[in-house]
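The values are calculated or read from the model by the stated rules, or taken from the named source; none is laboratory data. In this text the structure is predicted, and so the values were computed from the model without any measurement. Note that we place each Cβ from the backbone using ideal geometry, even for glycine, and neighbour counts take in every protein chain shown.
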Amino acid sequence: MTPTAPITQDVLTLPRKLPEGGPTNIVGLTRDQLREALIAAGTPEKQAKMRLGQVWQWVYHWGVRDFAQMTNLAKDYRALLAEHFTIALPEVVSKQVSSDGTRKYLVRIAGGHEVEVVYIPETDRGTLCISSQVGCTLTCSFCHTGTQKLVRNLTAGEIVGQVMLARDDLGEWPVQGAPKDETRLISNIVLMGMGEPLYNFENVRDAMKVVMDNEGIALGRRRITLSTSGVVPEIARTATEIGCLLAVSFHATTDEVRDQLVPINKRWNIATLLEALRAYPGLSNSERITFEYVMLDGVNDTKEDAYRLVELLRGIPAKVNLIPFNEWPGAPYKRSSGNRIHTFADIIHNAGYASPIRTPRGEDIMAACGQLKSATERARKSSREIAAEAGLAHGQ
C-alpha cells in the first residue's frame with residue numbers, strides 16, 4: 001500500500017536498564033503484591049494500606065516515575081522507596097505513525113527481545129492493541145506474527161508497561177492542579193497483539209487487574225477485550241478472574257479448514273470451542289462474544305461459509321467482526337473481494353448478528369491486524385515455505 005502521507009519515525013530516549021538483582025520494579029505488581037513488598041522493605045504493617053494507596057495513585061493515576069516527586073510522603077520514606085524500588089517501563093526503541101494516525105511502537109523488554117504495540121485513534125474511541133508474548137506458538141497460517149517462533153511470555157509489568165508508555169507518548173497522564181479532563185485517548189485495550197493471551201494467563205490477569213483498578217489507570221472491564229484462538233480450558237477463567245470481554249479468532253466454519261488456518265483447532269475443535277463459549281459465565285446480549293473472521297479469497301469466504309457460520313452461532317450472544325486480510329510479504333493468501341465480503345456480511349446481518357467489516361488501519365507501517373512481527377525475532381522464511389506450512393494455497 002502506498003501511504004497517502006509520509007511515515008514519520010522517531011527514536012525515543014531509552015530508560016536506564018536495571019542491574020540484575022537490583023530494586024524491585026513496582027510496575028505490574030498487584031495491590032497485594034505491592035503491599036507485601038512495601039512491608040518487606042520496612043513499611044510498618046499498620047501503615048501499609050495507606051502507603052500502598054499513596055504509591056499506587058502516584059504511579060498509575062499521575063504517571064510519576066520519580067519517588068522524590070511523591071510529595072505527600074515524608075522525605076525519609078521517599079528515600080526508603082528509592083532504595084528498594086524502581087518504576088521502570090519497557091524501552092521504546094522506535095515509533096512509526098501511519099498516514100491514518102495509527103501509531104506503532106517497537107518495544108524492547110528484558111533480554112533484548114522486542115514486541116510491537118499499536119495505538120488506533122478513531123472518532124469515538126482510542127484503542128491500544130497490546131502484546132502478551134514475544135512471538136507465538138500457534139502458527140496461524142494467515143498471521144505474520146504466527147511465523148515468528150515463541151520466545152517467552154511477557155511479565156505482568158511488561159504488559160502494564162505497554163499501556164503506560166503509550167500514555168506517555170500521547171501525553172495522557174493528568175496534570176496536577178489542572179481541571180479534570182474525562183477525555184480518554186486510550187479508551188479501550190485489546191489483547192490482540194503478539195502472542196496468545198491465554199497461554200500466559202496469570203501475567204495477563206494480574207496486568208489487567210492493575211489497568212482496571214479505579215485508583216489508577218481505571219479502565220473498566222468492558223473496555224478491555226481479550227482475543228484467544230481457542231484455549232478452551234482457560235476460557236471460563238477469563239470471565240471469572242478477569243471479567244473482560246472475549247473475542248475468538250474463529251476464521252473458518254469447518255474443522256478441515258480451521259485445522260489449517262488455526263492449528264490449535266486440532267486440539268480443541270469447533271464443537272468443543274463452541275461448547276465452552278455457550279457456557280461462558282456472564283454471557284448476555286449486552287456482553288456478547290466477538291467472533292473474528294479474516295476474509296481469505298477462495299478459502300473461507302463463500303455464501304455457504306456464511307450460512308454455516310450462522311448455524312454454528314445459534315444460541316450464543318455474538319457479533320462477527322469481518323477482517324479483510326491484511327497482506328504481508330510472502331503471505332500465502334489474498335484478501336477477498338469487496339463484493340464477496342459485503343455479501344458475507346449481509347448474510348450474517350440478516351440472520352440477526354452484527355457483522356461490521358473492519359477498516360484496515362496502519363497497513364502502510366505493517367500495524368494492521370495479523371501483521372505484527374518484531375524485526376529482531378523474524379524467522380526468515382520464503383513465501384514457498386510459508387505456503388507449504390499453511391497447507392492451503394490461494395484458491396484451494
Given (1) closer than 25 Å to V115 by Cα; (2) free of Cβ contacts under 8 Å to residues at least 60 places away in the same chain; (3) in a loop (DSSP other than H, G, I, E, B), where does E202 come up short, assuming only one miss?
(3)
Here is a check on your reading of the model: is L322 at pLDDT 95 or above, buried (at least 19 other Cβ atoms within 10 Å of the Cβ) and touching a helix residue (DSSP H, G or I) at 6+ places or on another chain (Cβ under 6 Å)?
yes
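To keep it simple, each residue is scored yes or no on (1) more than 29 Å from H113 (Cβ to Cβ); (2) of a type in the set (S, T, N, Q); (3) exposed (fewer than 13 other Cβ atoms within 10 Å of the Cβ); (4) in the same structural domain as E116 (by TED's automatic domain parsing).
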site: L29; (1), (2), (3), (4): no, no, no, no
site: D32; (1), (2), (3), (4): no, no, yes, no
site: R35; (1), (2), (3), (4): yes, no, no, no
site: T43; (1), (2), (3), (4): yes, yes, no, no
site: K46; (1), (2), (3), (4): yes, no, yes, no
site: Q57; (1), (2), (3), (4): yes, yes, no, no
site: G63; (1), (2), (3), (4): no, no, no, no
site: F67; (1), (2), (3), (4): no, no, no, no
site: M70; (1), (2), (3), (4): yes, no, no, no
For I348, indicate whether it is in a helix (DSSP H, G or I) and buried (at least 18 other Cβ atoms within 10 Å of the Cβ).
yes
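The rows are residues; the columns are (1) part of a helix (DSSP H, G or I); (2) polar (S, T, N, Q); (3) without any contact (Cβ under 8 Å) to a residue 40 or more places away in the chain.
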site: M194; (1), (2), (3): no, no, no
site: D206; (1), (2), (3): yes, no, no
site: R222; (1), (2), (3): yes, no, no
site: A236; (1), (2), (3): yes, no, no
site: T240; (1), (2), (3): yes, yes, no
site: T253; (1), (2), (3): no, yes, no
site: E256; (1), (2), (3): yes, no, yes
site: N265; (1), (2), (3): yes, yes, yes
site: W268; (1), (2), (3): no, no, yes
Which residue is surrounded by the fewest Cβ atoms within 10 Å (Cβ to Cβ), if the candidates are limited to region 102-128 and must be more than 19 Å from E158 (Cα to Cα) and not β-branched (V, I, T)?
D124
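Conditions tested, residue by residue: (1) within 25 Å of G161 (Cβ to Cβ); (2) surrounded by fewer than 20 Cβ atoms within 10 Å (Cβ to Cβ).
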{"site": "F201", "(1), (2)": "yes, no"}
{"site": "R221", "(1), (2)": "yes, yes"}
{"site": "V231", "(1), (2)": "yes, no"}
{"site": "I235", "(1), (2)": "no, no"}
{"site": "L261", "(1), (2)": "no, no"}
{"site": "S286", "(1), (2)": "no, yes"}
{"site": "P317", "(1), (2)": "no, yes"}
Taking region 90-101 on its own, how many of its residues are surrounded by fewer than 22 Cβ atoms within 10 Å (Cβ to Cβ) and either hydroxyl-bearing (S, T, Y) or touching a helix residue (DSSP H, G or I) at 6+ places or on another chain (Cβ under 7 Å) (or both)?
4
Scanning for something in a strand (DSSP E or B), within 30 Å of W58 (Cα to Cα) and either acidic (D, E) or modelled with pLDDT of 95 or more (or both), does region 288-296 turn up at least one residue?
no
Could you list, ordered by first residue, the pairs with Cβ atoms under 7 Å in which the first is in region 149-167 and closer than 22 Å to A218 by Cβ and the second is modelled with pLDDT of 95 or more and of a type in the set (D, E, K, R), at least 6 apart or interchain?
A156/D206
Per the filter on region 210-228, residues within 13 Å of the chain's Cα centre (by Cα) and not basic (K, R) are V211, I224, T225, L226, S227, T228
Selection from region 20-54 of residues part of a helix (DSSP H, G or I), within 15 Å of G157 (Cβ to Cβ) and hydrophobic (A, V, I, L, M, F, W, C) yields L34, A37
Just checking, does region 103-113 include any residue being at pLDDT 95 or above, under 25 Å from Q33 (Cα atoms) and in a loop (DSSP other than H, G, I, E, B)?
no
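Based on what the data block shows, is R184 over 30 Å from R335 (Cβ atoms), surrounded by fewer than 24 Cβ atoms within 10 Å (Cβ to Cβ) and either at pLDDT 95 or above or not assigned by TED's automatic domain parsing to the domain that holds K95 (or both)?
Judged against the criteria, R184 is not a match.
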May I ask you to list pairs of residues, at least six apart or on different chains, whose Cβ atoms are under 7 Å apart, with the first in region 275-288 being of a type in the set (G, A, S) and the second being assigned to a loop (DSSP other than H, G, I, E, B)?
S284/P317
Taking region 325-344 as the region of interest, how many residues are surrounded by fewer than 17 Cβ atoms within 10 Å (Cβ to Cβ) and outside any helix (DSSP H, G or I)?
4
When you look at N300, is it under 17 Å from F250 (Cα atoms) and part of a loop (DSSP other than H, G, I, E, B), yes or no?
yes
Do we have L154 as crowded, with 17+ Cβ neighbours inside 10 Å, at pLDDT 95 or above, under 21 Å from R258 (Cα atoms) and not small (G, A, S) here?
no
